[in-house]
Amino acid sequence: MDAKNITMEKIVSLAKTRGFVFPGSDIYGGLANSWDYGPLGVELKNNIKQTWWKMFVQERLDMVGIDAALIMNPKVWEASGHVATFSDPLVECKTCHERYRADQIDLAAPCAKCGNKGTFTEPASFNLMMKTWLGPKEDASAVAYFRPETAQAMFVDFPNVLTSSRKRVPFGMAQIGKAFRNEITPGNFIFRTREFEQMEIEYFVHPSDWEKYFEDWLANMYKFMDRVGIDASRSHNLEVEKDELAHYSKRTVDIEFDYPFGRKELYGLAYRTDFDLTTHAKHSGSNIVYTDPITNEKYVPHVIEPSFGVDRTVLAVLLSAYDEETVASEEGDGDTRVVLRFKKEIAPIKIAILPLSKKEELSNVARPIAEGLAKHWRVDYDETQSIGKRYRRQDEIGTPYCVTVDFDSLEDKAVTIRDRDTMKQERVPIAELEAWFKKQF
Ligand code: GAP
């Protein structure tokens, strides 16, 4: 299907009706731009995170993971520069008081809400840090921040990780977790929210090696995208202009994706130099200098940071997987089917067990099959509606295989496996099912 015909309406509606993502606090009328991951969404998101962790932590001897506290000492955010500079330019319409990001609208155009022209205030810096108070006092001494990125904990924990893991540079730290930003204009479904999840890596290198590792990580990011099924033809590199670089970066490449609402950032890759380790050494008074155990050279490692948004990954994966096709087979010849062509590793449900009827003699065979396979893979069990409708439902949620248990199964002790993409069917003995699926996953 041509990507141009995939609209956000289709994705948002499918996500809601099938239980991937729905509006947060829905029965209370929702909370603007907050989204909850439903039964399928949480499986999809977990599969994405597990794939990332497997690829970048488990399979690599030069990587270790951490899981740090979400609220850190506020001095961390003063040292990192976030309290002073983590802001977006804000303008307000003087007539209706709607607020906008000054860099995202045409200030000479009329206000999108009330239509009045020339009414915007001068741009002012709006800090995106999400503030709270720790403990019973709500005064300046109790102010703390929800982290706006997972990155900083990896710099702050660098000395503890280095001594406990005994890693030698080059090595990296990885973390997956929530981040919070008081975005001025959240929107576009799960693309920009105030609460979101990141998967970040801080890769520590010798200062003279940064260019080589920058290229390595850019290639690794594309390998990950391929593994989770993000369409490479809709992904592009954007070399961020020098005057638009974040305060900590000497070079940034954004990987952008063609969403239905335009080409926008999916991931970022930054060369953070020794900015973070140096600033934390200065502000904390700790000595953060690395001594190479073989050469005895002392230096502050430089950092390459590949940063991945989990929610944007979910969105790009859904958009890449979405397909509509006209069926040209006995399975509803001429019908249009919606199919999410997820990579098998990522599909929320791997196998659906579909007894042809609700009759007990069939469920007596089908249930034990489902329970046995569920020990290895996420399985769905569905015995209502016609088999055609059940196939369509599984196509719409991207289940790679459906297993149909029919009345012949009682005699031949075999079932029919139907492939999501080809719709081809194959008869497989029940005794061989587990081995058959082990070959597929
Ligand atoms: N540590 C660097 C850092 O946080 P960033 O470009 O601000 O860099 C990294 O964020 C990634 O986090 C983005 O590429 C995007 O995938 C995701 N992200 C950032 N802000 C987001 C938001 N408000 N909602 C959803 N995802 C967001």
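The values are calculated or read from the model by the stated rules, or taken from the named source; none is laboratory data. Nothing here was measured: the structure is a model prediction, and the numbers come from that model. Here the Cβ is made from the backbone with ideal geometry for all residues, glycine too, and neighbour counts use every protein chain on show. These area figures cover heavy atoms from the full protein model, side chains too; ligands, DNA and RNA do not enter into them. Shrake-Rupley method; radii C 1.70, N 1.55, O 1.52, S 1.80 Å.
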Task: From the options 297, 325, residue that is within 30 Å of residue 38 (Cα to Cα) and not polar (S, T, N, Q) - done: 325
Task: Pair list, Cβ under 8 Å, 6 or more apart: the stretch 34-51 residue under 18 Å from residue 344 (Cβ atoms), other residue at pLDDT 95 or above and of a type in the set (S, T, N, Q) - done: 48/313
Open item on the list: Out of 174, 140, 124, I need the residue that is among the small types (Gly, Ala, Ser) and within 26 Å of the chain's Cα centre (by Cα). Which one?
Closed with: 174
Task: Selected residue [within 16 Å of the ligand (Cβ to nearest atom), assigned by TED's automatic domain parsing to the domain that holds residue 48 and farther than 30 Å from residue 62 by Cα] from 201, 184 - done: 184
- [ ] Please enumerate the residues belonging to the stretch 92-126 that are under 19 Å from residue 82 (Cβ atoms) and surrounded by fewer than 14 Cβ atoms within 10 Å (Cβ to Cβ).
- [x] 103, 124, 125
- [ ] Find the residue count for the stretch 127-166, including only residues that are over 19 Å from residue 85 (Cα atoms), within 14 Å of the ligand (Cβ to nearest atom) and of a type outside the set (A, V, I, L, M, F, W, C).
- [x] 0
Open item on the list: Condition check: open to solvent by 20 Å² or more (accessible area, probe 1.4 Å), within 11 Å of the ligand (Cβ to nearest atom) and farther than 30 Å from residue 294 by Cα. Does residue 234 satisfy that?
Closed with: no
Open item on the list: Pairs please, first residue from the stretch 196-210 and farther than 28 Å from residue 178 by Cβ, second anywhere and within 16 Å of the ligand (Cβ to nearest atom), Cβ atoms under 6 Å, 6+ apart in sequence or on different chains.
Closed with: 207/302; 210/271; 210/302
Task: Of the criteria (1) outside any helix (DSSP H, G or I); (2) small (Gly, Ala, Ser); (3) in the same structural domain as residue 257 (by TED's automatic domain parsing), which one residue 281 fails - done: (1)
Task: Qualifying positions in the stretch 249-281 - closer than 22 Å to residue 192 by Cα, open to solvent by 20 Å² or more (accessible area, probe 1.4 Å) and touching a residue at least 60 places away in the same chain (Cβ under 8 Å) - done: 258, 260, 261, 264
Open item on the list: Quick check on residue 222: is it of a type outside the set (D, E, K, R), surrounded by 18 or more Cβ atoms within 10 Å (Cβ to Cβ), at pLDDT 95 or above and more than 12 Å from the ligand (Cβ to nearest atom)?
Closed with: no
TODO: Exactly one condition in (1) farther than 29 Å from residue 213 by Cα; (2) open to solvent by less than 50 Å² (accessible area, probe 1.4 Å); (3) in contact with a Leu (Cβ under 6 Å, 6 or more places away or on another chain) is not met by residue 86; state its number.
DONE: (1)
- [ ] Check 304, 288 and return the single one that is more than 16 Å from the ligand (Cβ to nearest atom), within 30 Å of residue 76 (Cβ to Cβ) and either open to solvent by 10 Å² or more (accessible area, probe 1.4 Å) or in a strand (DSSP E or B) (or both).
- [x] 288
